[in-house]
Amino acid sequence: MNQDDMKKEAARAALEYLPDSGIIGVGTGSTVNFFIDFLAEIKHRFDGAVSSSEASTERLKAHGIEVIDLNAAGEIEVYVDGADEANHQLSLIKGGGGALTREKIVAAASKKFICIADESKLVDILGAFPLPIEVIPMARSYVARELVKIGGTPALREGFVTDNGNLILDVHHLKIMEPNKLETQLNDIAGIVTVGLFAHRPADVLLLGTPEGTRTVLPA
Ligand code: 5RP
């Protein structure tokens, strides 16, 4: 079984968590793309989706799934999204696809967050995957200097602009021992729009695709 097969397993398992009706929150990335394809098969069962990126919106619409503005959706029952890393408390690093800001908003507006990933994403300590941070363009250099002060090595994601018109700094060499504290600290830096650390709002359930089937991980 390759990595894509494991992503697909996890995506399929998320269908069990969907409500019988209402609106579903949909994340971004290759694992979520499998989930969207599965959603298409049961689109008669729900009213539509709130999307976390232009890419997911396009894929949802291509399947004939209605995309609903978050402002019109109210509280969402379930949000399904992938991750770049997850620890055993289900704090996450997200933003490998650059959609972290809208992902964080939709996760915050949802009652339940189901994270789907292949087994390689579960780690003991977050930070081997460079932490994505969305920044306002004029603040790029200032924010980068502040990130160096806390021990990170920021790198501008070359040629990339987010759906919100901002830039991404990928921060290397962070060993994240206290994700909650670091998220608060980074949120305080002027010019940072969103930190790709999801510790204040972690996932509620992690569905990990493995060669032996899907493993369900709950927060330790
Ligand atoms: C996008 C994300 C993705 O969820 C994350 O990068 C995982 O992607 P994939 O499912 O392709 O491994 O946060 O901003």
| task | Only one of these is outside any helix (DSSP H, G or I), aromatic (Phe, Trp, Tyr) and either over 23 Å from Phe34 (Cα atoms) or at pLDDT below 95 (or both): Phe160, Phe113. Name it. | result | Phe160
| request: Count, please, the residues in the range 86-106 that happen to be within 20 Å of Ala220 (Cα to Cα) and within 10 Å of the chain's Cα centre (by Cα). | output: 3
| said: Quick check on the range 34-61: of everything there that is open to solvent by 30 Å² or more (accessible area, probe 1.4 Å) and within 21 Å of Asn164 (Cβ to Cβ), which residue is nearest to the ligand (Cβ to nearest atom)? | reply: Ala55
| Does Ala49 fit the bill of being within 30 Å of Thr184 (Cα to Cα), assigned to a strand (DSSP E or B) and not β-branched (Val, Ile, Thr)? | yes
| query | Do you know which of the residues in the range 183-215 that are open to solvent by 20 Å² or more (accessible area, probe 1.4 Å) and free of Cβ contacts under 8 Å to residues at least 24 places away in the same chain is farthest from Pro154 (Cα to Cα)? | reply | Glu212
| Residue, nearest to Gly74 (Cα to Cα), within the range 3-33, restricted to residues that are near the ligand (Cβ under 9 Å from one of its atoms) and surrounded by fewer than 22 Cβ atoms within 10 Å (Cβ to Cβ) | Asn33
| task | Answer yes or no: is there a residue in the range 205-220 that is out of contact with any Cys (no Cβ under 7 Å at 6 or more places or on another chain), under 22 Å from Gly98 (Cβ atoms), of a type in the set (A, V, I, L, M, F, W, C) and in a strand (DSSP E or B). | result | no
| Members of the range 83-110 that are open to solvent by 10 Å² or more (accessible area, probe 1.4 Å), outside any loop (DSSP other than H, G, I, E, B), within 14 Å of the ligand (Cβ to nearest atom) and in contact (Cβ under 8 Å) with a residue 60 or more places away in the chain | Thr101, Arg102, Lys104
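The values are calculated or read from the model by the stated rules, or taken from the named source; none is laboratory data. Predicted, not measured: the structure shown is a model, and the values here were computed from it. For neighbour counting, all protein chains shown are included, and Cβ atoms are generated from backbone atoms with ideal geometry for every residue, glycine included. Note: areas computed on protein heavy atoms with side chains; ligands, DNA, RNA excluded. Shrake-Rupley method; radii C 1.70, N 1.55, O 1.52, S 1.80 Å.
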